[in-house]
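See structure below.
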Amino acid sequence: EEDEEDDEEKVPEAKEAKQVRAVHAHVVWEIARAEDDIMQVHRDHIDQKMAGIKEEIKAIQALDDKDSVDDYVNKVRDILSRQRNEIDSIMVKLGSLQHMLKDEDDLARTFTPQANKPRGR
């Protein structure tokens, strides 16, 4: 009888472990997609930043060439505002990816006994 009770307890545990592994696989897949996305977004940001630097140089040169200070201020504020928006967007994506990585680590620890041991000890 005791063996039958142990078998009955193992069936839900096996189902739960299978579900955790399925969720983990999905999270890993989502992380891979997010990695590809953030890398492309970062590359695009670098390209935009380089274009922004060129715009800033032109604004400085225009001011040196007797352009109005008002035009200079407006141009630079616009450039910096766009850069800030781009950075804010990237930071949100990085935060999301970081959260996914933590979720994946937590899930991995639920079915990997050695992951539960303290590291470096």
Residue by residue through region 25-32, the couplings from Karplus 6.51 cos²θ - 1.76 cosθ + 1.60 with θ = phi - 60°, in Hz, x for Gly and Pro, are 4, 5, 4, 4, 4, 5, 4, 4
Simple SL model, points at 7 angstrom along Cα→Cβ for D70 and R43; separation in nm is 4.3
With every protein chain in place, the accessible area of D88 for a 1.4 Å probe, in Å² rounded to the nearest 10, comes to 80
Whole-Hz Karplus couplings 3J(HN,Hα) for region 43-49, θ = phi - 60° and coefficients 6.51, -1.76, 1.60, Gly and Pro as x, run 4, 4, 4, 4, 4, 5, 5
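The values are calculated or read from the model by the stated rules, or taken from the named source; none is laboratory data. The structure presented is a predicted model; accordingly, all values stated were derived computationally and were not measured. Counting neighbours? That spans all protein chains shown, and the Cβs are built from the backbone with ideal geometry, glycine included. Only protein heavy atoms, including side chains, enter the accessible area calculation; ligands, DNA and RNA are left aside. Shrake-Rupley method; radii C 1.70, N 1.55, O 1.52, S 1.80 Å.
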